[in-house]
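Report on the following structure.
The values are calculated or read from the model by the stated rules, or taken from the named source; none is laboratory data. From a predicted model like this one, the values you see are computed outputs, not experimental measurements. Note: ideal-geometry Cβ built from the backbone for every residue, glycine included; neighbour counts use all protein chains shown. Just so you know, the surface numbers come from the protein's heavy atoms only, side chains and all, with ligands and any DNA or RNA stripped out. Shrake-Rupley method; radii C 1.70, N 1.55, O 1.52, S 1.80 Å.
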Amino acid sequence: MKILFFGDIVGRPGRAAAKTFLTNHVIDEYDLIIANGENAAGGNGLTLQVAEELYGFGIDCITLGNHAWDKKEIVTFLGNEKRLVRPANYPPGTPGNGYTILNSRHDDKVAVLNLMGRVFLANLDCPFRVAEHVIKEIKQVTNKIIVDFHAEVTSEKIALGWFLDGQVSAVLGTHTHVQTNDYRVLPKGTAYITDVGMTGPRNSVLGVKPELAIQKFLTQMPVRFEVANGATQVNAMVLELDEHGKAKSITAINEIFE
């Protein structure tokens, strides 16, 4: 089984880059295509229109993160959309679902679980304990489990990777928008990377126009961020899983479109 996972898609440039990448490749070579889309609408949040646009490219599942609620309309459709998941460690009663189980193009069942870190982010439920509980539920249906861990701190991401080694197919870090070089298959068969990176404007500060980010650092005053223009990039990972849901390989993609 082959799975493609796009790092955080940022704004219109990120959507265009994902579309170009998928147009240039044979979509059917992937059993499932997943993308973190929490910044896909204007650089913050997600709308139904943008979600439908991403599905139209061939993306099968969208994960979220700390910007999940930036577009208020998401509350009206999040709970009814099986292909869209928000972090599972939000408190009970939060709209939407923390994981989903989808049929791949070859009719295998694959679970996508979204979690969010707590260090320097919202004080949510413990992602380690929530993962442990939810994975027991998921394994009643499938052993093929992809985890998007949306977190700020490297140590927290690495710790969760080791904690879940052998229990899930992959732990893929998102949120920091910079692709790390530590992707590997851990000893018990879980693919891991600290951060998949960003699909969006290449000449930017995490997707934002550089001059605006620099102004913020220089003045420490509020600055309205805008998504950068120009060349784009696709940061993504390709996973190969065996029939038991163990990772056989994890490969990085870093493609630039001028």
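Inspection of the stretch 217-234 identifies at least one residue that is at pLDDT 95 or above and closer than 30 Å to D107 by Cα. Does V26 meet the test of being of a type in the set (A, V, I, L, M), free of Cβ contacts under 8 Å to residues at least 12 places away in the same chain and open to solvent by 10 Å² or more (accessible area, probe 1.4 Å)? Criteria met by V26. Go through the residues of the stretch 107-115 one by one and say whether even a single one is under 17 Å from Y30 (Cβ atoms), open to solvent by less than 70 Å² (accessible area, probe 1.4 Å) and at pLDDT below 95. Looking for residues that are under 17 Å from Y30 (Cβ atoms), open to solvent by less than 70 Å² (accessible area, probe 1.4 Å) and at pLDDT below 95, one finds at least one in the stretch 107-115, hence yes. Of all residues in the stretch 1-23, those being open to solvent by 10 Å² or more (accessible area, probe 1.4 Å) and either over 19 Å from L84 (Cβ atoms) or more than 16 Å from the chain's Cα centre (by Cα) (or both) number 8. Entry remark, the stretch 32-57: residues being touching a helix residue (DSSP H, G or I) at 6+ places or on another chain (Cβ under 9 Å) and under 18 Å from D8 (Cβ atoms) number 17 in total. Only residues that are out of contact with any His (no Cβ under 8 Å at 6 or more places or on another chain) and either among the hydroxyl-bearing types (S, T, Y) or farther than 30 Å from H244 by Cβ (or both) were counted in the stretch 19-45, giving 9. Restricting G166, G173, G197 to residues that are on the phi > 0 side of the Ramachandran plot and touching a His at 6+ places or on another chain (Cβ under 9 Å) narrows the list to G197. How do the pairs read when you match residues in the stretch 85-111 that are over 19 Å from I3 (Cβ atoms) with residues anywhere that are of a type in the set (G, A, S) and surrounded by fewer than 16 Cβ atoms within 10 Å (Cβ to Cβ), using Cβ under 7 Å and keeping only pairs 6 or more apart or on different chains? Pairs found: P95/G79; G96/G79.
With respect to the stated conditions, T199 fails to be assigned to a loop (DSSP other than H, G, I, E, B) and under 17 Å from the mean Cα position of the chain (by Cα). May I ask you to verify whether K157 is more than 21 Å from P91 (Cβ to Cβ) and crowded, with 24+ Cβ neighbours inside 10 Å? Yes. Among the conditions (1) assigned to a helix (DSSP H, G or I); (2) free of Cβ contacts under 8 Å to residues at least 40 places away in the same chain, the only one that L160 does not satisfy is (2).
When the residues of the stretch 163-195 are narrowed to those that are under 11 Å from I250 (Cβ atoms) and part of a strand (DSSP E or B), which ends up most open to solvent (accessible area, probe 1.4 Å)? Among those that are under 11 Å from I250 (Cβ atoms) and part of a strand (DSSP E or B), it is R184. Taking the criterion of being in a loop (DSSP other than H, G, I, E, B) and not hydrophobic (A, V, I, L, M, F, W, C), the residues of the stretch 1-47 that qualify are G7, H25, Y30, D31, G37, E38, G42, G43, N44, G45, T47.
Okay, residues lined up against (1) without any contact (Cβ under 8 Å) to a residue 60 or more places away in the chain; (2) open to solvent by 30 Å² or more (accessible area, probe 1.4 Å); (3) basic (K, R); (4) in a loop (DSSP other than H, G, I, E, B):
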position: N203; (1), (2), (3), (4): yes, yes, no, yes
position: E211; (1), (2), (3), (4): yes, yes, no, no
position: R224; (1), (2), (3), (4): yes, yes, yes, yes
position: V234; (1), (2), (3), (4): no, no, no, no
position: M237; (1), (2), (3), (4): no, no, no, no
